[in-house]
Each structure stands twice: as structure tokens, then as C-alpha cells.
Amino acid sequence: MHTAENSKYAKTHEWAYLEGDVATVGISDHAQQEIGDIVFIDLPKVGQQVSAGQNCCVIESVKSASEIYAPLSGEVTQVNEALKTEPGLVNQEAHGKGWLFKIKVSAPAEYESLMDLAAYQASVK
Amino acid sequence: MEESVSQNNLKKTPLCAACEAAGGKMVDFHGWLLPVQFESIIAEHKAVREGAGMFDVSHMGQVFVEGPDAWRFLQYINTNNIKNTAGCGTYSHMVNEKGCIIDDAISFCLTPEKFLVVVNAACIDTDVAWFKKHADKFNVQITDDSAHWGMIALQGPQALAHAAKLINGVESMARFTIKEITLFGAKGYVTRTGYTGEDGVEIMASPEAIVKVWDALLNAGVKPCGLGARDVLRLEAGYLLNGTDADGTQTPYEAGCGWVVKLAKEDFIGKAALEAQKAAGLKRRLTGFMLTGAGVPRGGCKVFKNETEVGVLTSGTYSPLFKGIAVGYADTNLQEADAVEIEVHGRKIPAKKVKTPFYKNRV
């Protein structure tokens, strides 16, 4: 199961947790706090090809829209359907029920270039 | 993700430290360091719609207009008929010779020879320069007193009850009136006005006294609210945000505020241009939209009807009451029955034209 501790982080505040060749992706707890009340999420499409660093999802809070970047390259295989009716799950549990989408990764080596929790936390201090 | 702002070189209100102590997330608002939110915009919106919330609006400007010609001068620079009965306030627009909006403000009559004009923070300098430029022909004195005043907007169905604990007789004040008061030993003003669509008051006091008012209200359970909630509340209530919904190129008619233009009164700046526009008719007008599909509209988004662009949004947000709501300048031929789409992040979302205000309640 993905947790804050066992996930890896992009400097743009997304987390990824790799199991086999499928990565679960979300945003960090720090990011959800900064964004505030999340009211709508424009998720990527299942089957969509994404490359690492590509803008593929928009999170809307009351105040602003935040672009979310794919932390890894590959194909989107699943999106978190629960967020369509309850986007606030990301505020409640950025690392649990608030995951965004899953990617079947095409370049697993990219995972190694992401930060671990300690490095990410240091980067947002 | 938005980056946190550098707090250097930003102006601080007398309530800045109190806002930070209450957990305010501070941002740069037209050069002022102000809270965009405290706990949550949605929780703050709810507090104002159902209980009581307070906003630090100390950045707003206080300009005194005094002298034998004070009222005649205000009549000349305003489109609306300014009331000259002591205690009465009038919302109005100030426009240039082309009839385009410079600012919207409330002029409060303290005495027939002394008025307090409360103006938008971002417009203080331009407004004062505009006043002074046109004051030559009048026996008036213009004083920008903004630096000497802190200001709190206390809003919501419980606002008056909270205000009454600090200010005697506040509950019997009529809407848009002003009263001179004493707060914690200092001279102040209370007005029964606001920018939320709820009942409430705005309290002006010295920088020292306003901190005591904030603390007293906070201890009484009034929720501190930020600019984020204020923007949702004012948009629901259909209030214009000058600088955003009017960028200096629109007239009051185009901004949907024709009711503040009184063409029957004596000459005022912009009168000829506004008369001409009224006679010729409007091509565009600030129009309300509500999304019928999921998403959040924002200023800058384009409005389409049958793939043809018919408007551009100036303000949009997520309303806890109505979901996606917006206003924007649209073709006056657009009908409420017309199917429109609003383009948000490259995706066209179904929407409808609606009458504003979106929210009609107590005021």
C-alpha cells in the first residue's frame, strides 16, 4: 500500500508509488494544503500516453487551478473514479483514498530519479 | 502550484499580525499583504452565509471631501445622485469623459459639508489624483486619510448581534447609513454596508483600536475570513469587482450598473458619453453564467454559442451554493435560452446565461 514514506516525489509536488510496472500517482500532503479546498479534478483519460513532466490533469480549488504533471512516462491505465463525485478526498487523504491515476510505466528508470520523502520535504522547507 | 509570495516590500495593514496569528495564509493583493484564507474558503463562505465572519479590509481607502461645495463636487464626479442628508451613504461610479469606469465607491454624508468616500485599495492614488484634478472649480478640500484607518467588514446573519456588543444602537441603523462612534476610546465610524450579499456592518477605527475590535470579535466566535471567501461571496451576490470586471474600458451601462447613472441630474463627468451610449444601445454587457457541466470557470475563459465566440469571462469561481458561476462581457443579443459553452483548460463545458445576482437573500 502506498504511504507518504514509501512513495517517491517530483519537484512539482506529485508522488508516485511503483508496484511492478504500474505506478499510482497523487499529490503530496503539502500540495493539497497549499491548494486548499479541492472542488473539481479534470483527470487524464484512460489509455492516454503521458511523458514525465507533461501536464495531464488539472486540480481546481475554489481560488485557483493547479496543473498536475505526470511524474513518470507511460500509459494511463486507471483513474480514481471516486474523485469525480468527491474531489475533497485529496484534501482528506493525499496518500490514501485521494490518489489520482495509475500509469503503466514505459521507462522504469525514471522512478529512480524521483526524490524520497526526506529529500522532498527538504525541498519544500 | 502557486508559489508563496515574498513578503518584502508589501504594505501591511494594522491587522496583519492578527491575521497571521489567526492562521491567515498571506498573499500579495495589489501590493498589500492580506490573508487569502484562514482554515478553508468553503468554511469561511459558510460562516458568512449562516453565522458571522469578518474580513480585514483596512487596505481600502478613506478620502474626506470637505467644504461648502463638497456635495456639488461629488455630484460632478459621480454618476449617481449622492445623498446629502447627514448619515446617508450612496454607492456610485466615477467615470472619465468617455464614460468609462474609474472606480466604484460609497460616499457617506457626515454633514452637508463633509463626506467620507470609501474607495478601492488599488485605486486610492488614481482616485485622489482624479478628485484633485477636478476640484479647481469647487470650494473643497480633498484629504486622503487612508493611512490613519483600519477597517473590518463584519458580515452574516449574526453580524449585527455581534456588532451590538461593541456599538450601541447599531441594530437600528438603516442599510447604507453611517454613524460616528467611539471604539476603545478612539473615534471611529460604522456603516451598515458590505460586499457579501449578507447583512452586516463595516467598522472603521484607528490602527490601534481596530486591533482591539478584531480581538473582541474573534473572542466572541466570529470567524476570520480571507479574500478567497470574499470573492466567492461578492460574485454570488452580483457585486462588481473594479479592476477585474471593469478594466477602465467599460461604462456603468456595460458593467450592468445602469441604475447608478442618473442622466437627469446636472452636468457630471462623462454625462455626454453615457447619454450617447444609452441612445445608441449596447453591444456587450456584463452577463451572468452558470455551468451546467462539471468544472470551474475563471476570468479569461471564452464563451461560445454554436462554435462562435460570444463573450469572455472576467470573474469565475466555484460557488458552494451554485457550483461553477461566472460573469463576463457578452453579446447583448445572447438569450437565456441559448445553449452556450465555456472553454476551460481547452475543454468546452455546457453553461447557461442567468440573471445576476446568483444569490438573493437578506439585502
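The values are calculated or read from the model by the stated rules, or taken from the named source; none is laboratory data. This is a predicted model, so every value here is computed, not measured. Glycine gets a Cβ as well: all are built from the backbone with ideal geometry, and neighbour counts include every protein chain shown. Heavy atoms of the whole protein, side chains included, go into the accessibility calculation; ligands, DNA and RNA do not. Shrake-Rupley method; radii C 1.70, N 1.55, O 1.52, S 1.80 Å.
Here are some notes:
- Between the residues B:L33, B:I203, B:A237, the greatest Cα displacement towards the positive end of the dipole of chain B, with unit charges on the Cβ of Lys, Arg, Asp and Glu, is found for B:A237.
- Binned Cα-Cα distance frequencies in the range A:26-125 - 10 Å width, integer %: 16, 46, 35, 3
- Lys, Arg +1 and Asp, Glu -1 on Cβ, resulting dipole of chain A about Cα centre, debye, nearest 20: 120
- Globularity index of the range B:62-127 is 1.02 (Cα radius of gyration / 2.2 N^0.38 Å, N = number of residues).
- Computed log₁₀ I(q)/I(0) - Debye formula, equal Cα scatterers, no solvent, the protein assembly as shown, q 0.06, 0.07, 0.10 Å⁻¹: -0.32, -0.43, -0.83
- Sites matching GluC sites (Glu not before Pro) across the range B:57-141 that sit in DSSP coil, with at most 13 neighbouring C-beta atoms within 10 Å: B:E97
- Note on the range B:25-183: Kirkwood radius taken over Cα pairs, Stokes-Einstein applied at 10 °C and 1.306 mPa s, translational D equal to 93 µm² s⁻¹.
- Taken over the range B:283-354, the alpha-carbon convex hull comes to 73 cubic angstrom per residue.
- Using alpha carbons only: equivalent-ellipsoid semi-axes of the range B:114-250, gyration tensor based, whole Å: 27, 20, 14
- Across B:K179/B:K283; A:K125/B:K348; B:K187/B:K323; B:K165/B:K265; A:K11/A:K45, pairs whose alpha-carbon gap is larger than 31 Å: B:K179/B:K283; A:K125/B:K348; B:K187/B:K323; B:K165/B:K265
- Span per principal axis, largest first, for the Cα atoms of the range B:214-363 (Å): 54, 45, 25
- Sequence ranges B:288-295, B:167-174, ranked by mean other-Cβ count within 10 angstrom, highest first: B:288-295, B:167-174
- Relative contact order [Cα under 8 Å, 6+ residues apart], the range B:237-339, whole percent: 25
- The three principal axes of the C-alpha atoms in chain B carry coordinate ranges of 63, 49, 41 Å, sorted with the longest axis first.
- Given charges at beta-carbon only (K, R positive; D, E negative), |dipole| of the range B:185-314 in Debye: 180
- Sum of side-chain charges, B:A147 neighbourhood, beta-carbon under 13 Å (Lys, Arg +1; Asp, Glu -1): -1
- With protein chains left intact and a 1.4 Å probe, residues in the range B:233-363 average 46 Å² of accessible area per residue.
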